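The values are calculated or read from the model by the stated rules, or taken from the named source; none is laboratory data. Treat the numbers as computed from the prediction; the structure is a model and nothing was measured. Glycine gets a Cβ as well: all are built from the backbone with ideal geometry, and neighbour counts include every protein chain shown. Just so you know, the surface numbers come from the protein's heavy atoms only, side chains and all, with ligands and any DNA or RNA stripped out. Shrake-Rupley method; radii C 1.70, N 1.55, O 1.52, S 1.80 Å.
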Amino acid sequence: MKILFSILITNFNKSNYLKKTIESCLKQSNYKNIEILVFDDCSTDNSLNVLKNYKKKISLIKNNKKKFKF
């Protein structure tokens, strides 16, 4: 039985770090059976464009409406 490892990446306007983060996950050598889940919390930067490049390798979960504002 292969164990599935899930990696959850949370994102809010961190487009500068997304590529490096996802690439690091994809390069895991110890675990090959992985799923990468990216939760985007209404980013307003270039994040969604970066994530489009990985659409076949990740599962994107988008929050389309902010409930809390700081």
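Summary table
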| quantity | calculated |
| --- | --- |
| Subset tally (residues that are in contact with a strand residue (DSSP E or B) (Cβ under 6 Å, 6 or more places away or on another chain) and either within 22 Å of I3 (Cβ to Cβ) or aromatic (F, W, Y) (or both)) for region 29-50 | 7 |
| Pick from region 39-60, criterion in contact (Cβ under 8 Å) with a residue 24 or more places away in the chain and charged (D, E, K, R), ranking: nearest to K14 (Cα to Cα) | D45 |
| Tally of residues being part of a loop (DSSP other than H, G, I, E, B) and hydroxyl-bearing (S, T, Y) across region 1-55 | 5 |
| Enumeration of residues in region 11-46 that are open to solvent by 100 Å² or more (accessible area, probe 1.4 Å) and of a type in the set (S, T, Y) | Y17, Y31, T44 |
| Of all residues in region 51-70 being more than 19 Å from S6 (Cα to Cα) and either of a type in the set (A, V, I, L, M, F, W, C) or touching a helix residue (DSSP H, G or I) at 6+ places or on another chain (Cβ under 6 Å) (or both), the one that is modelled with the lowest pLDDT | F70 |
| Output for region 27-42, where each listed residue is closer than 15 Å to L60 by Cα and modelled with pLDDT under 95 | I34, D41, C42 |
| Candidate set: region 6-26, residues that are free of Cβ contacts under 8 Å to residues at least 24 places away in the same chain and not acidic (D, E); chosen: the one farthest from K57 (Cα to Cα) | N16 |
